[in-house]
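Novice: Quick one: structure below, then a few questions.
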Amino acid sequence: MDKTKILFVCLGNICRSPSAEAVMKAKLSEHKLSDKYYIDSAGITGYHEGDSADSRMMQHAKKRAFQLTSISRPVKAKDDFANFDFIIGMDDSNMTDLFNLAQTDADISKLSKMTDYSIKFSETNVPDPYYGGSQGFELVLDLLEDACEGLISQLEEHKKKGS
Ligand code: 4NP
C-alpha cells in the first residue's frame, strides 16, 4: 500500500515544523507505523534554506529524546501539493499563506492546522518560539506531542473505516 505522505509547515522551517517532523517520526515508530508514512517539513519562507534546526529548539527536543535532523527548505508549491496527502501548518498565518499557494480544491482539501488534532490542549496555534524564551520551546513540544498522537489516531481510524 502507498505510504501516507505528510508535510509539516511553519514560517522558517527551523523550529516548529522540523520538531513536528521529528516528533511525528518518533511517535509513528512507537506505534510501529513508520513504514506506512512518509514525513517531511518545509518553511513558508526560504530565509533559512540549507540550515539545520535552531540550536535552542534542538536542545529542548533532545531533552525529550527527539533528534532534529532535517535541513530547512522552502515549500515548493507545485511539487508539494502534488506529492503530499496532508499539508499541516502550525499557525493561522501559515494557513493563510498555504491557502494562497493552493491552486485547486484538491490542494485546499489537503490543508489543516496542527492544533486541529490536539487532544488535551485548547490552543489554536503552535506559537512561533523564535523570539521568546525557553517556555516557548517547551510549549511547542508539548503541543506537538499531543497533536501528533491525535493525528495518528485520526489517520489510523480513518484507514480502518476505509478498509
Ligand atoms: P519557525 O520559527 O517558523 O518555527 O521555524 C521561526 C524561525 C525563524 C524566523 C521566524 C520564525 N525568522 O524570522 O527568522
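Novice: How many residues, within segment 45-63, are within 14 Å of Ala20 (Cα to Cα) and part of a loop (DSSP other than H, G, I, E, B)?
Specialist: 2
Novice: Whether any residue in segment 133-153 is more than 22 Å from Lys5 (Cα to Cα), open to solvent by 20 Å² or more (accessible area, probe 1.4 Å), within 15 Å of the ligand (Cβ to nearest atom) and not in a helix (DSSP H, G or I) is what I want to check.
Specialist: The answer is yes, given that some residue of segment 133-153 is more than 22 Å from Lys5 (Cα to Cα), open to solvent by 20 Å² or more (accessible area, probe 1.4 Å), within 15 Å of the ligand (Cβ to nearest atom) and not in a helix (DSSP H, G or I).
Novice: Assuming Val140 fulfils every condition listed in (1) of a type in the set (A, V, I, L, M); (2) without any contact (Cβ under 8 Å) to a residue 24 or more places away in the chain; (3) out of contact with any strand residue (DSSP E or B) (no Cβ under 6 Å at 6 or more places or on another chain) apart from one, which condition is it?
Specialist: With respect to (1) of a type in the set (A, V, I, L, M); (2) without any contact (Cβ under 8 Å) to a residue 24 or more places away in the chain; (3) out of contact with any strand residue (DSSP E or B) (no Cβ under 6 Å at 6 or more places or on another chain), Val140 is out only on (2).
Novice: Here's a check for you: in segment 91-101, which residue that is over 15 Å from the mean Cα position of the chain (by Cα) and among the polar types (S, T, N, Q) is most open to solvent (accessible area, probe 1.4 Å)?
Specialist: Asn100
Novice: Right, something else. Please pick out the residue among Ser19, Ser34 that is open to solvent by 50 Å² or more (accessible area, probe 1.4 Å) and small (Gly, Ala, Ser). Even if it seems obvious, please write down each step before you answer.
Specialist: Details: Ser19 fails: open to solvent by 50 Å² or more (accessible area, probe 1.4 Å).
None of the other options fit; the residue is Ser34.
Novice: Residue by residue through segment 102-128, note down the ones that are of a type in the set (A, V, I, L, M) and either surrounded by fewer than 14 Cβ atoms within 10 Å (Cβ to Cβ) or within 16 Å of the ligand (Cβ to nearest atom) (or both). Explain how you work it out, then say what you get.
Specialist: First, pick out the residues of segment 102-128 that are of a type in the set (A, V, I, L, M): 102, 106, 108, 111, 114, 119, 126.
Ala106, Ile108, Met114, Ile119, Val126 - these are the residues of segment 102-128 that are of a type in the set (A, V, I, L, M) and either surrounded by fewer than 14 Cβ atoms within 10 Å (Cβ to Cβ) or within 16 Å of the ligand (Cβ to nearest atom) (or both).
The values are calculated or read from the model by the stated rules, or taken from the named source; none is laboratory data. Computed from a predicted structure; not experimentally measured. A quick note on method: Cβ atoms are made from the backbone with ideal geometry, for glycine too, and the neighbour counts reach across all protein chains shown. Calculation scope for accessible area: heavy atoms of the full protein, side chains included, ligands and nucleic acids excluded. Shrake-Rupley method; radii C 1.70, N 1.55, O 1.52, S 1.80 Å.
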